[in-house]
Amino acid sequence: MENKTTGNTRLELIRGDIAHQPDTDAVVNAANAQLRTGGGVAGAIHRAAGPGLEKECRPLAPIKPGQAVITGAHKLPNKHVIHCLGPVYGRDKPEDQLLADCYRNAIRLADKHGLQSIAFPAISTGIFGFPIKEAAGIAIETIMNTIPELKNVRLIRLVLFAEKDLEIFREAQERFSKPDTP
Ligand code: AR6
């Protein structure tokens with residue numbers, strides 16, 4: 001586990017399942033535009049939350065790439081689910097800015113709702129095809145640059161499904177904290 005503290009907010013990188021983060025106020029869903037259950041993260045979250053989540057989502061859809069919306073967590077152990085639509089790599093442009101918008105908008109939404117902790121998956125890096133190394137750099141940079149404006153969020157956790165993805169995110173964190181290292 002890798003921890004970095006900036007001001008009063010900690011960024012934590014772990015390997016795990018986004019649907020099993022009982023100690024964070026919110027978990028982020030890598031959603032589809034219709035906020036329906038799907039594969040990957042969305043499948044895991046909707047399965048664990050139960051059908052009430054999709055019902056609550058219905059009037060909030062469709063959402064646009066980069067947008068984030070908040071719902072209850074239903075049968076998940078968290079208080080809320082924040083649903084983000086990541087960009088489809090090669091289709092939704094500019095994809096780097098849209099991915100940054102996801103992280104920024106989700107964190108701001110959590111902060112606005114007075115939440116203290118939020119867990120993210122690696123948005124867009126599965127079915128949506130965003131190269132993981134590039135996505136990791138954008139995620140880390142956006143999170144670190146958003147931290148100074150936060151009033152409530154004290155923990156931001158990135159939950160990586162695979163050990164190799166965790167390594168890539170750790171390297172991105174190193175690059176961010178030591179930008180001059182080749
Ligand atoms: N916990 C943490 N990470 C996971 C989990 C999990 N349970 N399952 C997969 N990952 P994806 P996207 C990783 O495809 O690319 C859905 O069908 C996975 O290895 O879930 O944003 C939606 O309905 C990958 O690194 O999200 C959308 O249509 C990352 O999480 C579409 O897929 C994201 O993979 C969204 O695609």
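The values are calculated or read from the model by the stated rules, or taken from the named source; none is laboratory data. Since this is a predicted model, take the numbers as computed values, not measurements. Backbone-built Cβ (ideal geometry, glycine too); neighbour counts: all protein chains shown. In case anyone asks, the SASA skips ligands and DNA or RNA and just uses the protein heavy atoms, side chains included. Shrake-Rupley method; radii C 1.70, N 1.55, O 1.52, S 1.80 Å.
Structure notes:
- Segment residue 23-residue 75, length gained on full extension (0.36 nm per residue, minus Cα span): 17.3 nm
- Length added when fully stretched, residue 113-residue 149, from 0.36 nm per residue minus Cα-Cα: 11.5 nm
- Listed values for segment 33-45 are Karplus-derived 3J(HN,Hα) couplings in whole Hz (6.51 cos²θ - 1.76 cosθ + 1.60, θ = phi - 60°), namely 4, 8, 6, 9, 5, x, x, x, 4, 4, x, 5, 5, and x replaces Gly and Pro.
- Radius 14 Å from Cβ of residue 66, net charge of other residues (Lys, Arg +1; Asp, Glu -1): +1
- Of the cross-linked pairs 75/112; 79/133; 79/151; 112/164; 64/151; 93/133, those separated by over 28 Å at the C-alpha level are 79/133; 112/164.
- Listed residues 78, 29, 152, most fluctuating in the chain (Gaussian network, C-alpha, under 10 Å): 152
- Think of it as helices only: each DSSP H run of n ≥ 4 in the chain is worth -39500 (n - 2.57), and spread over all residues that comes to -11500 deg cm²/dmol at 222 nm.
- Table column - 3J(HN,Hα) (Hz), segment 51-64, Karplus curve with 6.51, -1.76, 1.60, x for Gly and Pro: x, x, 5, 5, 5, 5, 6, 3, x, 8, 8, x, 10, 9
- Compared with the direct C-alpha span, the chain from residue 15 to residue 93 gains 25.1 nm at full extension, assuming 0.36 nm per residue.
- Taking the accessible area of the chain, probe 1.4 Å, and keeping the other protein chains in place, the carbon and sulfur fraction comes to 52%.
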